[in-house]
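Here is the structure we will look at, set down as structure tokens.
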Amino acid sequence: MANTNQSNTTKFKIAETFNVEAPPELLVEAFATDNTDPAIPKLDKDYIFRKEELRDVLAYLSHPDGDGMYITGPTGSGKTSLICQVAARLNWPVQQVNAHGRLELSDLIGYLSLINGNMVFVEGALTKAVRNGHILIINEMDLAEPSELAGLNDLLEGAPLMLSQKDGEIIYPHPKFRFIATGNSAGSGDTSGLYQGVMQQNLAFMDRFRMLEVNYPDPNIEIDILAKIAPELPELFRSNMVKIANDIRRLFIGSHNASAELSITLSTRTLIRWAKLTIAFKGAPNALEYALTRSLTARAVPEQREAIHRIAADTFGEVWTNSPS
């Protein structure tokens, strides 16, 4: 794998790089093109950035000032894809780890393995990121045991990483090393009861992060997203799909006066899946319902499945039983 180093940095015009409105003199420093590094995320040319979120991410990447970044938001709202698509345009390699209740600090650092008869240290995602100046993303970090993550406190403040499994080797953090975590909660536990396994994180650990909340995109943005990934669908279909998604989200989240009525939601990720499957199954007797079932409601309890399909049928009206054309 190619190693990132400070000598190959360059400056990117924010307006052109991210296709957003910004002064032409506004620049961000990142890495020159390196097509040999598989850790650079795959570029999605159709990705649409939201200006406010992009601003916060670029500010962190440019000047972390000893912080990590914690991105919180509902499932499928685009927390990880936001970082990956920023990194793809800045040629910034990314190491990703999916957290779980059994995740240990040693999993992030690395392990000894027998290779060709010799014990060899295999670097984990954290070690690779610290050594080479990559972005480390821990997805769903609030699923991990707080006591394990507390071992990262000093590293976030710039302390070196010590590899006890490798004769105590010391790695000083690369100047371009960044630590980003995502979670459905804000680190204080899940008060909604919607996300199983979420744990309240250590206060001292969370104090080392700047926070960014990512919600589902505005309807007009999601309509634009569907127009790019499913232009074959009629405009009416795309706008109705987005309306249905937002109706379902309101029932999933609930309100301050009422608890959630649905235990599943139609995220942006699922919305895209529904649009693509509607096209794939356009020959089915009812392509919209057929695709919605396979995208989302097959995993819902029967009562909730019926409720979601009723919302969709009421929104589409007679079109609900027609195939897209």
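The values are calculated or read from the model by the stated rules, or taken from the named source; none is laboratory data. None of these values were measured; they are calculated from a predicted model. Positions of Cβ are generated from backbone atoms using ideal geometry, with glycine treated the same way; all protein chains shown enter the neighbour counts.
Here is how the numbers come out for the structure above:
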{"quantity": "Close pairs from the range 298-309: first farther than 12 Å from GLU261 by Cβ and not assigned by TED's automatic domain parsing to the domain that holds LEU266, partner among the small types (Gly, Ala, Ser) and loosely packed, with under 11 Cβ neighbours inside 10 Å, Cβ under 8 Å, at least 6 apart", "calculated": "none"}
{"quantity": "Residue in the range 258-278 that is surrounded by 18 or more Cβ atoms within 10 Å (Cβ to Cβ), among the β-branched types (Val, Ile, Thr), more than 24 Å from ASN215 (Cα to Cα) and not assigned by TED's automatic domain parsing to the domain that holds LYS79 present", "calculated": "yes"}
{"quantity": "Condition met for PHE121 (surrounded by 21 or more Cβ atoms within 10 Å (Cβ to Cβ), among the hydrophobic types (A, V, I, L, M, F, W, C) and either at pLDDT 85 or above or in contact with a Ser or Thr (Cβ under 6 Å, 6 or more places away or on another chain) (or both))", "calculated": "no"}
{"quantity": "Pair list, Cβ under 6 Å, 6 or more apart: the range 283-294 residue more than 11 Å from ASN322 (Cβ to Cβ), other residue among the aliphatic types (A, V, I, L, M) and assigned to a helix (DSSP H, G or I)", "calculated": "ALA291/LEU277; ARG294/LEU277"}
{"quantity": "Residue identified as assigned by TED's automatic domain parsing to the domain that holds TYR47, surrounded by 22 or more Cβ atoms within 10 Å (Cβ to Cβ) and modelled with pLDDT under 95 among ASP154, ASP142, ASP67", "calculated": "ASP142"}
{"quantity": "Restricting the range 93-127 to residues that are among the small types (Gly, Ala, Ser) and outside any strand (DSSP E or B), the residue that is nearest to the chain's Cα centre (by Cα)", "calculated": "ALA99"}
{"quantity": "Test: residue in the range 238-258 that is part of a loop (DSSP other than H, G, I, E, B), at pLDDT 90 or above and farther than 17 Å from ASP46 by Cβ", "calculated": "no"}
